[in-house]
Structures are given as C-alpha cells and as structure tokens.
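The values are calculated or read from the model by the stated rules, or taken from the named source; none is laboratory data. No experiment lies behind these values; they were computed from the predicted model shown. To get the accessible areas, we keep the full protein, side chains included, count just its heavy atoms, and leave off ligands, DNA and RNA. Shrake-Rupley method; radii C 1.70, N 1.55, O 1.52, S 1.80 Å.
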Amino acid sequence: MSLITLIDFPPLGDGRGSLVALESHQSIPFDIKRVYYIFGTQKGVSRGFHAHKQLKQVAVCVTGACRMVLDNGQQRESVWLDSATKGILIEDMVWREIHDFTDDCVLLVLASEHYDEADYIRDYEEFLKQ
Ligand code: T46
C-alpha cells in the first residue's frame with residue numbers, strides 16, 4: 001500500500017480566478033487545530049527530518065513546489081507538491097522530509113493538534129525503534 005495519500009481540493013473558480021476552501025471533516029479528515037506555513041526557504045535547504053507520535057497533517061503548496069518524502073520505516077516514497085488544489089495527508093508515526101523548495105514555495109500545513117515539541121521524534125534511529 002502506498003504511503004502517499006493525495007487529496008484533491010475542488011477549485012471554486014469563476015471569471016475572477018480560483019478559490020479553494022478547506023474545512024474540517026470535509027476535504028480535511030480531522031479537526032483543524034493549527035495552521036502554519038513555510039516560505040522563503042533558502043536554496044538547498046531541506047526541512048522536516050522527524051515524525052510525530054500523534055499528529056495528522058495535510059500539506060499543500062499554495063504557490064511554487066516542493067518534494068515531500070514520507071517514510072514509515074519499511075517504505076520510503078516521494079511526491080511533488082506542485083498545485084494549490086492538491087494536498088497530501090501525513091499520518092502520525094511517519095517520518096517526513098521536505099526537499100527541493102522552489103524560491104516562491106509557500107507550503108501551507110493544517111494540523112490536527114496544537115504545537116507540542118514533546119510529540120516530535122527527531123532521531124531516525126529512535127523512530128525506527130517505535
Ligand atoms: C512538519 C513540517 C512540514 C512552532 O513554534 N510552532 C509550530 O506550529 C511549528 C510547526 C513550529 N514551531 C517552531 C519550532 C521550531 O523552533 O518553529 C521552528 C521550526 O520548526 P521545525 O524545525 O519543526 O520546522 P520543519 O519545517 O522542520 O517542520 C515543520 C513541522 O514542525 C512539521 O510538523 O510536518 O513542517
């Protein structure tokens with residue numbers, strides 16, 4: 001089974017342009033408790049390199065692109081996030097790395113929990129032992 005679950009967000013376009021609406025328990029399969037976004041990533045920088053014990057997230061590049069790598073300890077898969085109408089669901093206990101940010105990338109992330117540093121596993125060997 002693939003680690004990659006992509007969610008298509010229907011664009012609510014009209015003659016003026018496009019609009020995407022994200023709602024809990026509709027296109028986002030959890031209660032949204034936190035929203036953050038990553039932008040201005042410097043050339044050659046990769047981010048992530050951790051897993052979460054109990055956190056679900058949906059990430060979408062609202063502009064630009066980046067490459068998301070997911071790893072469950074057995075499988076490792078990679079996908080380009082390159083559309084404002086395509087999100088990726090990141091389940092708990094999945095190692096994630098984000099690479100190849102374009103200069104204009106804005107990565108929007110919707111999270112099922114408030115920020116909690118204690119929820120992070122930042123050591124890959126420790127992640128494999130869970
Ligand atoms: C993930 C990827 C896609 C906060 O204070 N609140 C927050 O909600 C977040 C996400 C971060 N922070 C602080 C913690 C660090 O001092 O912001 C700093 C950078 O966070 P971090 O190093 O965790 O950033 P990334 O890009 O490596 O990872 C983040 C998320 O933490 C992670 O859950 O999936 O973005």
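So here's what we get for this one:
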| item | result |
| --- | --- |
| Listed residues Arg47, Arg34, Arg16, Arg96 arranged by accessible area, highest first, probe 1.4 Å | Arg16, Arg47, Arg34, Arg96 |
| C-alpha center-to-center spacing [the stretch 69-130, the stretch 1-21] in angstrom | 19 Å |
| Whole-number percent relative contact order across the chain, with pairs defined as alpha carbons under 8 Å at least 6 apart | 35 percent |
| Karplus-derived HN-Hα couplings along the stretch 116-122 (A = 6.51, B = -1.76, C = 1.60, θ = phi - 60°), whole Hz, x at Gly and Pro | 8, 4, 5, 7, 8, 10, 9 |
| Heavy atoms of Asp104 accessible to a 1.4 Å probe, total area in Å² rounded to 10 | 90 Å² |
| Solvent-accessible surface (1.4 angstrom probe) belonging to His99, in square angstrom, nearest 10 | 30 Å² |
| Exposure rank, largest accessible area first [Met1, Met68, Met93; 1.4 Å] | Met1, Met93, Met68 |
| Sequence-distant residues sharing a close amide H with Ser83 (under 5 Å, placed H) | Cys61 |
| Derived scalar couplings ³J(HN,Hα) [the stretch 91-102; Karplus, 6.51 cos²θ - 1.76 cosθ + 1.60; whole Hz; x for Gly, Pro] | 7, 5, 6, 10, 6, 10, 9, 10, 10, 6, 5, 6 |
| Potential lengthening between Thr102 and Phe30 on full extension [0.36 nm per residue; Cα-Cα distance subtracted] | 23.1 nm |
| Heavy atoms of Asp14 accessible to a 1.4 Å probe, total area in Å² rounded to 10 | 80 Å² |
| Full-extension gain in nm, Ser18 to Val45, via 0.36 nm per residue minus C-alpha separation | 6.7 nm |
| At q = 0.09 Å⁻¹, base-10 log of I(q)/I(0) for the chain (Debye sum, equal scatterers on each alpha carbon) | -0.26 |
| Amide proton proximity set for Ile7, modelled H, under 5 Å, gap of 5+ | Gly87, Ile88, Leu89 |
